[in-house]
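Here the structure is laid out as structure tokens; the discussion comes afterwards.
The values are calculated or read from the model by the stated rules, or taken from the named source; none is laboratory data. Small disclaimer: the values here were computed from a predicted structure and weren't measured. All Cβ positions, glycine included, derive from the backbone under ideal geometry; neighbour counts span all protein chains shown.
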Amino acid sequence: MRTRRFLSLPILLPFSLLLGVSSFAGSPGPDESVAEEAPIVSEAVDTALPDAPAVDSTIDVPKAEPVVTDTTVRLHIAGVASVDGQIFVSVFDSKKAWLKRPVRQVTAAAAISSTENPLIVELQLPAGEYAIQVFHDTDGNGKMKTNFIGIPKEPTGVSNDAKGKFGPPKFVDAKFTVGDEPLDVPINMVTI
């Protein structure tokens, strides 16, 4: 009988907790005190076997990946005709995202610029392929104003001075590659 009670103890313990039973036969209840507590052992025990071979305790840690830093890309924006509004710069990283979902957008104060004296906008970009679209928001509404068929009414420019044929320029014509070295990208603003 005693063996049977011992084997069923682990099964009864969880049920006793669920049912709110606080003690088993032979163990003190909540109002009963325990006469003697077991001593606490705080000494470390050496478990090494005397005849066991030595174990190499070095751990091979994988090498950390090098930290990837962004590269400076300087946009040389020429053809800004007035100081009204702001310059909006949109950076795209794929054909699918081109002119729809920029990976980065920045604004700059408008300043009259020319090819000899361009407006400089600096970006920090990781290595990869990008295309940039810039427009001068002359009316200050934060959007590129277009006519009824979508042609921009405000000055705009694209990296590589890519031109569109029967539509906007293509990503493949506007893209450039960013590597480890700083890069200068000229953009000429035009009014269509």
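Note on segment 117-131: among residues that are touching a residue at least 40 places away in the same chain (Cβ under 8 Å) and surrounded by fewer than 19 Cβ atoms within 10 Å (Cβ to Cβ), the one that is nearest to Ser82 (Cα to Cα) is Ile120. Phe148: at pLDDT below 95, at negative phi and among the aromatic types (Phe, Trp, Tyr), yes or no? Yes. Within segment 151-166, residues that are in contact (Cβ under 8 Å) with a residue 60 or more places away in the chain and closer than 18 Å to Pro118 by Cβ reach partners that are part of a loop (DSSP other than H, G, I, E, B) and among the aliphatic types (A, V, I, L, M) with beta carbons closer than 6 Å, at six or more positions or on different chains, in the pairs Pro155/Met189; Gly157/Met189. Residues in segment 82-114 that are within 16 Å of Glu129 (Cα to Cα) and touching a Gly at 6+ places or on another chain (Cβ under 8 Å): Asp93 alone. Restricting the search to strands (runs of 3 or more DSSP E) fully inside segment 122-192 and requiring at least 3 residues that are within 19 Å of Leu75 (Cβ to Cβ), of a type outside the set (A, V, I, L, M, F, W, C) and out of contact with any Pro (no Cβ under 8 Å at 6 or more places or on another chain) gives 128-137.
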